Each structure stands twice: as C-alpha cells, then as structure tokens.
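Student: Mind looking over this structure? Questions follow.
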Amino acid sequence: MTVTANQHERTIDTTARPDSRAAGATSSGRPGRGRRSGRRKRSLVAYLYVLPAFVVFAVFLGWPFIQTVQYSFYDWDGLSPATWAGLSNYLSVFTDSALRGAFGHALILMVFYAVIPVMLGLFLTALISRANALRGMSAFRTILFLPQVIASVVVATIWVSIYSQDGLVNGTLRLLGLDGLARVWLGDYAFALPAIGFVGTWLNIGLCLVLFLSGVGNIQPELFEAARLDGASARREFFSITLPALRGQIAVALTLTIVSALKTFDLVYVTTGGGPGTSTTVPAYEAYNRAFNTGQVGSAAAVAIALTVVIMVVTALISRIQPKDVQ
Amino acid sequence: MKRHTSKVALLAGALTAIALGLTACAPGGSAPSGTQSLGPVSKDIGSGKVTLTVWDQNTDGGIDDAQKQLNADFEKKYPNVTIKRVSRSFSDLKTTLKLALSGDNPPDVVQANQGYPDMGAFVKAGLLRPVDDYADLYKWNDYYPSSLLKLNSFSADGKKWQGDNLYGVSQTGELVGLFYNKAVLQKAGISSPPTTLDELTADMAAVKAAGSLPLSYGDVEKSPGIHLYGFALSAVAGAQKVNDLVNGSSGSWTGADEVKAAGVVQGWQKSGYITPGANGVSRDAAVASFGKGDAAFLITGTWYLATLAEAPSAKDIGFTALTPAGSDTPVTMGGEGLAWAITSKTKNANAAAAYIDFVTDKNASEVLVKTGNLPTVVPADAVPPTGTVTGDITANYMTISKANGITPYLDYATPTFYDTITAAAQDLVAEKATPQQFGQTLQDDYAAFTKKNG
C-alpha cells in the first residue's frame, strides 16, 4: 500500500515541478497514439531484460515458496502420502503453546537484536561524530564491524564458552566477589534467552554504528556550523539535525536487525537447541526441527510461511519511516 | 479503474489455478501398493560387477576402524563388489537419510534408527525391504536374542513397532548404566556399588556428606535427559512394564511407577546430588569431569566406553545396572545400534544381505571387540577380563541381554517423543515441573499419537 502511495506522490511531484529529468522526458515524447504504442513496446522489452533474473528467482525461490505453501496445507511426515489438513497447521501456530512460545521468544529477541543496538548505535554515533579528527577511525570501524564478518557458528561457540560454568562471565563475577550471581547462563530458564539476545546485541551494534557513521558523514557540515552559531546544544543538534538526517539509515538498520532477530536459527541451534525446556525456541528452529527431526513437514511449512508473513509485514511497517524521496 | 479490476481478476484466477494444481497432487506420492513382491533370495551374489552404496553412522574412532576393516575384508571376499561408503554422525544421518531414501536412487544398505520417527516412517512409506527371508537364510533368528530382533521389527504398514516384519539387524549392543568411581565411593565409606535405586540414592547422600559430587550430569544437548529418566524408570518399573509402555501396548506415563521415577530424579536435584546448572553443562563436560574423578557416579551409555577406558581415573571406574523389585537380574535401558537395513529400491538385495551378514556375524563381532566396541552378540571366546570397565560392561550386557532385561529407548514411543521428553526432562531437573506434570506432558504426546495412529 505504502509503495503505491509513494509512487503516486512522486508522479504528481514530477509533473508539478518539471525538473531536468521531467523536462527531458517531455521533449523526447511524441504526442498522440505514436507515443502510447512506443511506451508499450518499451515496456515489453523491459520484461525481456528482467527475464533472466526472474527465472533465477522463480526456480530457486518462487517455486520452493509455492511448494512450501502447498505443504503447509497437508499433514505430511516427509515420506508417506500426505493427507489434506486444511488450515489446521496454521491454526496450531496460534493454538500450540510450543509454537506460540517460539514466536514470543522471537519478539523478545527483537528488543535485543534491533532496539538496543539501534539506540546504542545512535548514542555512540552522537559521541563519535563529535570527535571529528579521531585518528584510526577506520580501525575502530573495522573492529566494531568484525562480529558481522565472523561465521555465526564460530560466534556461537565462542559465546558458549563465555557463558559456561567457568567461563569469562562467571570468572569476572567471582573476581568481583559476586559469586551469588554466577550461574550456567545458557542453562538458566530466566537468563538463557536474554543471554542469546545479548549475543545479538553484540553482533548488530557494529553494523548499526557503521551505517550511522556513514550517514552522519553525508550531512553537510554547514548545517552543524549554522546550528552552533545559533547556539544550539549538542542535544539539540542531535535531535534536530543528526536524527532526521539518519532516518534512511535507521530504517535500513532496523530492517536488517529485526529480520535477523526473527530468523535467528544458528545461534539457538549451536548454543541451546531450544532449551532449557523450551525457553529459547524460535520459529526458524521449530521449522527446521519439525521438518527434519520430528517428521511434521506440514506444520514446519506453516511455521515458515507464518514467519515469512511476519517478516514482510514488519519490513513494510519499517519502510514507513524511510524518507519518501532520497536524492 | 477497469484495468485495475481486470488485474485483480487475473491475479485471483492465477491463484485459483495454483491452488487447484496444488490440491490436485498431494505431496508424498501414492501409498505403497500392499505387500512388496520379493524375488527369490540366495547367498550367491553372482559374479557381475556390483556397487553397494552403504550409509552408516560409524564415525567414532573405534567403530570407524572396525567398519573400514570389515569393508576391506568384504571386498576381498567378493572381488566383484565395490563398497561405496557414506559415513555420517548420528544426528546428520537422522536428518539426511529421509531425503536420500525418498530419492529415485537411494543407497542399497542404510543404518536406520529404531522406533516410529525413523524406521517406522520408512516402513510406512515402503522404503525398506523386509528381511525375514534373509533371516531364515542366514539364521539370524538363532544368532540374535529375540528381544533384540523385536526392536528392529515393524508391522508392514509401519504403524505398529515390534510387529511381524524384520527390517534389519544390528552390529553393536548398547546399555545405559551406572558408571561409578571406586575411589570416590571408598572415601565415602562405600565398599560395593549400589544394586537398587534406593541404595543408589542412599550412596549419593553418603558421597555428598563426604564432600564429593554424587552425580556428574550435563544436559545441554537435551538427549541425556532420556538416559537419566529411562535408567531410573527401568530400575523402578522393570522390563516388561517399560517395554509395554514404549511400544504402546499398555500403561500410562502418569502411572505410579512413572511418576515415582521422575520424583527420584527430581529428589536428587533437590538434595544437591547433581552437577549444579546441569541444563547448561554439556554431556562431554560431564563425562570428562567424571573421568577425572570429580564425581562418584555417571549415568550414560556404553558408547562412552572408549572415552572412559582412557580417562585419567580409568582404573577406578566400574560399571553396573540396577535391579528392580521382583527381578533377579538388573534391568536398564539400551538395546542395539542402528539396524542395518536393505532399501526396497535396491537392485542388489542378495549382495546387500550378504554384506549385512558379513558386518554383523561372529567374525565381525571379534573385530568389534578388538577395536574396543561392544558387539550385539558377544563371542564366547572374546570376553574381555573382569575388573576393568570394559569387562564390567561386557559382563552386564551379556547377563541383561540374555535375561531380556533391556528396555527400549523411551523416545521410540512416538514420532515427536524425543522433543517432548528431552524438554520435559530439563523442566524436571530444573524443578520447573513436578513429577506429576512431567508425566502428564509425556502422556499428552503419547495419547495424541495413539489416537492418530488408531
């Protein structure tokens, strides 16, 4: 919906204010029927250009997607003949407490994966962008971005050892005399999910910071100068100039981090396998487990489709805060 | 506006067409047509060139050596046969075997896990060949204890485990039992290992009073929960009751024995007998800490034999199982390694059967003993010396398997039982669920499956 609205506005914009592009288009355009058929031919040719990409999409994404949709309406163990299940697989996404729990955990992970990194990223950006001539900036940027580059299985294994009985976290707590707080973090019902979430925060903060810093770099320095001449405080500068200018980057960061929170799989698979109990199950893990381990392919497909829908809705909502026209 | 509506109509039409197409052909093809027609069987595998593709899960040190040697020996005996071996770890095999079997060109011989989730699903889809005719040919019925052959049997429709058709034989034996450290027990004033569950609990109290950790336990992988509870349940309820419960003939997970066993396990946790934070400790870490002499007991499977026989405190380690009330011999969970089965699409069934017999027979068992493994049927002349952990395990296994005192793995019960019981066992040990609630969670899964299976 938003996309069409934007396009509509943009068309109106170009006709109302004929800028150079619009003017060019008018001068080359021919009046009457000729113009119309020309445009038609052009659009057909355009489809031809899209075709190779579309074929790749259709074979590797489109068809498997349609197949997944099909599976989701069946009760199927993956081997023997399937029986029609109607919407019951989708209903169980809402009624099955195991699946509801998995989606709930994904929502909590969103706070750790997206909200906290974006907030912290903005705060750090405000700090760092004031240290304009900071030496070795690119080195810092590389270090902060490093978690994104490391294979996620490696990241998970590192954190398993950090959280273990005699790991870094407990060692530090004991050093500070806080023995009472030391625990097996990934085996604790209350802390396992936040512990996994924190790994997500650590992963995504660098991504957010690098995005925001590059965004700040694009702001014309004159704006800051003018604000300072007018006596604006650092706080005011941030909220009136930096934050609005970063809207595009924030939208991108939120999209990437929220999607990564919703589709978390590898971290959970390596660190807890959904445990203790079912306290760290997530939809992607449930989909995998049901399809490959417990022989509930239909239910797994329904979970996967539901997850896809949630991701698409969230992405569409985020695109609303994206600036309408990025020049 | 008109164009808009026609687009909507087009889209709706396309979607309807897709939906119709999807409903027209259900995934999974058609049901297997009744009984498979099996050709005449023979020990003679001919002289033409044959390539046997074999999927096994013998990836661990000792058993991998044994398998390599057996494959080489087989190729020497039958020069016209080439073995194409695909070896995967248990969990990798579990996830990929389904896809491989449902393809047009499946392997000839596979190791299929017993119970409903794997072998049951394969049989139901008609992917495995019944091997009763080969069992007659190679005298498997005389060689293996009947209780072990039952574990590898299903009804022809895959709905009833321990049914009439045999679908494979196993190479190795397994027991979940009680490893104990003699030195730690001695420090607590205990001279002989416990023989009943009550004695075990009492010994744990003594060990704790003496300042040591009674039971080393790690359950982050979730599967050890099955072994802990299954061990306790077998020691409370006995072989017949547990077997009937798991194969769906009778009983309930909320029964008195079932809840009592859960209560005992939770009692250990409440009294501080179990590794703190066990749900976040890995099984390997728990085994390693027991191997160093940090704990008195360890409840796990004989597949850790090789690891523990080489552990720092190996000379102090012994192995035993508990005897339930009303039984003369110990009863514990276990059974046999994955069944070696023949796929129904193989073109070389005779060669496949000859291969399976070759890697499981008496000669193969001797190779297995030499490489530090426990064969399904221990050859009389190859029993390891008593007093070592290897000797303890072999002696226990021979006694218990002969007396049919082996109870099946509890996760065989339903296709989803592995998930259900592993999560529930973590809840039980973390005191998030009472023994009664634990039993109810299992019963809910069990009842849903029984209802669906009819």
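Student: Within the stretch B:193-228, can you find the residues that are small (Gly, Ala, Ser) and out of contact with any Phe, Trp or Tyr (no Cβ under 8 Å at 6 or more places or on another chain)?
Tutor: If the condition is that a residue be small (Gly, Ala, Ser) and out of contact with any Phe, Trp or Tyr (no Cβ under 8 Å at 6 or more places or on another chain), then B:Ala202, B:Ala206, B:Ala209, B:Ala210, B:Gly211, B:Ser212, B:Gly218, B:Gly225 are the ones that fit.
Student: Now a separate question. Looking only at the stretch B:194-248, filter to residues that are surrounded by 21 or more Cβ atoms within 10 Å (Cβ to Cβ), within 27 Å of the chain's Cα centre (by Cα) and of a type in the set (D, E, K, R); which one of those is nearest to the other protein chains (Cβ to nearest Cβ)?
Tutor: Among them, the one singled out is B:Lys222.
Student: Of everything in the stretch B:93-135 that's of a type in the set (Ser, Thr, Tyr) and over 20 Å from the mean Cα position of the chain (by Cα), which residue is surrounded by the fewest Cβ atoms within 10 Å (Cβ to Cβ)?
Tutor: B:Ser102
Student: Right, another one. Assigned by TED's automatic domain parsing to the domain that holds B:Phe231 and of a type in the set (Gly, Ala, Ser) - does that describe any residue in the stretch B:181-188?
Tutor: yes
Student: I would also like to ask the following. B:Asp157 versus (1) within 14 Å of chain A (Cβ to nearest Cβ); (2) more than 22 Å from B:Thr346 (Cα to Cα); (3) without any contact (Cβ under 8 Å) to a residue 60 or more places away in the chain: which is the lone unmet condition?
Tutor: So the condition that B:Asp157 fails would be (2).
Okay, residues lined up against (1) within 14 Å of chain B (Cβ to nearest Cβ); (2) free of Cβ contacts under 8 Å to residues at least 24 places away in the same chain; (3) of a type outside the set (A, V, I, L, M, F, W, C):
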site	(1), (2), (3)
A:Val45	no, yes, no
A:Pro52	no, yes, yes
A:Gly62	yes, yes, yes
A:Trp76	yes, no, no
A:Ser80	yes, yes, yes
A:Thr83	yes, yes, yes
A:Leu87	yes, yes, no
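Student: All but one of (1) in contact (Cβ under 8 Å) with a residue 12 or more places away in the chain; (2) of a type in the set (Ser, Thr, Tyr); (3) more than 10 Å from every other protein chain (Cβ to nearest Cβ) hold for B:Thr386; state the number of the condition that does not hold.
Tutor: Every listed condition holds for B:Thr386 apart from (1).
Student: Within the stretch B:396-433, which residues are in the same structural domain as B:Ser327 (by TED's automatic domain parsing) and without any contact (Cβ under 8 Å) to a residue 24 or more places away in the chain?
Tutor: Correct list: B:Asp419, B:Asp427, B:Lys432, B:Ala433.
Yes/no matrix, rows are residues, columns are (1) more than 17 Å from A:Trp202 (Cβ to Cβ); (2) at pLDDT 85 or above:
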{"position": "A:Ser88", "(1), (2)": "yes, yes"}
{"position": "A:Ile108", "(1), (2)": "no, yes"}
{"position": "A:Val111", "(1), (2)": "no, yes"}
{"position": "A:Leu124", "(1), (2)": "no, yes"}
{"position": "A:Leu127", "(1), (2)": "yes, no"}
{"position": "A:Arg130", "(1), (2)": "yes, no"}
{"position": "A:Ala139", "(1), (2)": "yes, no"}
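Student: Taking helices (runs of 4 or more DSSP H) that fall entirely within the stretch A:161-233, which contain at least 1 residues that are away from chain B (no Cβ under 13 Å) and farther than 30 Å from A:Leu267 by Cα?
Tutor: So the answer is A:192-218, A:221-229.
Student: Also, I was wondering about something else. Is it the case that A:Ala306 is surrounded by fewer than 24 Cβ atoms within 10 Å (Cβ to Cβ), small (Gly, Ala, Ser) and assigned by TED's automatic domain parsing to the domain that holds A:Val270?
Tutor: yes
Student: Which condition from (1) within 25 Å of B:Ala100 (Cβ to Cβ); (2) free of Cβ contacts under 8 Å to residues at least 24 places away in the same chain is the one that B:Asn141 breaks?
Tutor: For B:Asn141, the exception is condition (1).
Student: While we're on this one: Is it the case, given these coordinates, that A:Ser138 is polar (S, T, N, Q), free of Cβ contacts under 8 Å to residues at least 40 places away in the same chain and not in a helix (DSSP H, G or I)?
Tutor: Spelling it out, it is not the case that A:Ser138 is polar (S, T, N, Q), free of Cβ contacts under 8 Å to residues at least 40 places away in the same chain and not in a helix (DSSP H, G or I).
Student: Looking for something of a type in the set (S, T, N, Q), within 26 Å of B:Ile421 (Cβ to Cβ) and modelled with pLDDT of 90 or more - is there at least one such residue anywhere in the stretch B:141-154?
Tutor: yes
Student: Okay, moving on. Restrict the check to the stretch A:273-291 and report whether at least one residue is among the hydrophobic types (A, V, I, L, M, F, W, C), within 10 Å of chain B (Cβ to nearest Cβ) and more than 24 Å from B:Glu431 (Cα to Cα).
Tutor: The answer is yes; a qualifying residue exists.
Student: Taking into account only those residues within the stretch B:72-104 that are of a type in the set (S, T, N, Q) and touching a residue at least 24 places away in the same chain (Cβ under 8 Å), which is nearest to the other protein chains (Cβ to nearest Cβ)?
Tutor: B:Ser102
Student: Among the residues of the stretch A:127-143, is there at least one that is more than 14 Å from chain B (Cβ to nearest Cβ) and farther than 30 Å from A:Ala234 by Cβ?
Tutor: No, there is no match, as no residue in the stretch A:127-143 is more than 14 Å from chain B (Cβ to nearest Cβ) and farther than 30 Å from A:Ala234 by Cβ.
Student: Do we find that B:Asn181 is in contact with a helix residue (DSSP H, G or I) (Cβ under 7 Å, 6 or more places away or on another chain) and modelled with pLDDT of 95 or more in this structure?
Tutor: The answer is yes for B:Asn181.
Student: Okay, next question. Within the stretch A:259-272, which residues are more than 12 Å from chain B (Cβ to nearest Cβ) and either free of Cβ contacts under 8 Å to residues at least 40 places away in the same chain or of a type in the set (Phe, Trp, Tyr) (or both)?
Tutor: A:Phe265
Student: Which residue, of B:Phe358, B:Phe438, is surrounded by fewer than 23 Cβ atoms within 10 Å (Cβ to Cβ), assigned to a helix (DSSP H, G or I), in contact with a helix residue (DSSP H, G or I) (Cβ under 8 Å, 6 or more places away or on another chain) and among the aromatic types (Phe, Trp, Tyr)?
Tutor: Sole residue among the options that is surrounded by fewer than 23 Cβ atoms within 10 Å (Cβ to Cβ), assigned to a helix (DSSP H, G or I), in contact with a helix residue (DSSP H, G or I) (Cβ under 8 Å, 6 or more places away or on another chain) and among the aromatic types (Phe, Trp, Tyr): B:Phe358.
Student: Is at least one residue of the stretch A:279-299 farther than 30 Å from A:Phe73 by Cα, modelled with pLDDT under 90 and crowded, with 18+ Cβ neighbours inside 10 Å?
Tutor: No, the stretch A:279-299 has no match at all.
Student: Are there any pairs, at least 6 apart or on different chains, whose C-beta atoms fall under 9 Å, with the first in the stretch A:292-304 and aromatic (Phe, Trp, Tyr) and the second assigned to a helix (DSSP H, G or I), and if so, which?
Tutor: Partner pairs satisfying both residue conditions: A:Phe292/A:Ala300; A:Phe292/B:Lys94; A:Phe292/B:Thr95; A:Phe292/B:Thr96; A:Phe292/B:Lys98; A:Phe292/B:Leu99.
Student: In the stretch A:104-119, is there at least one residue being within 14 Å of another protein chain (Cβ to nearest Cβ) and outside any loop (DSSP other than H, G, I, E, B)?
Tutor: yes
Student: Of all the residues that make up the stretch B:417-447, how many are under 24 Å from B:Ser249 (Cβ atoms), within 11 Å of another protein chain (Cβ to nearest Cβ) and of a type in the set (Gly, Ala, Ser)?
Tutor: Number of matching residues: 2.
Student: Going by the conditions given, is B:Gln171 in contact with a Pro (Cβ under 8 Å, 6 or more places away or on another chain), away from chain A (no Cβ under 14 Å) and among the polar types (S, T, N, Q)?
Tutor: yes
Student: Also: Mind telling me which of the residues A:Ala232, A:Ala251 ends up being closer than 21 Å to A:Arg130 by Cβ, assigned by TED's automatic domain parsing to the domain that holds A:Ile128 and not aromatic (Phe, Trp, Tyr)?
Tutor: So the residue among A:Ala232, A:Ala251 that is closer than 21 Å to A:Arg130 by Cβ, assigned by TED's automatic domain parsing to the domain that holds A:Ile128 and not aromatic (Phe, Trp, Tyr) is A:Ala232.
Student: OK, next. Out of all the residues in the stretch A:128-137, is one or more over 25 Å from A:Gly217 (Cα atoms) and not hydroxyl-bearing (Ser, Thr, Tyr)?
Tutor: No, the conditions are met nowhere in the stretch A:128-137.
The values are calculated or read from the model by the stated rules, or taken from the named source; none is laboratory data. Since we're looking at a predicted model, the values are computed, not measured. No Cβ is skipped: glycine too gets one built from the backbone with ideal geometry, and neighbour counts run over all protein chains shown.
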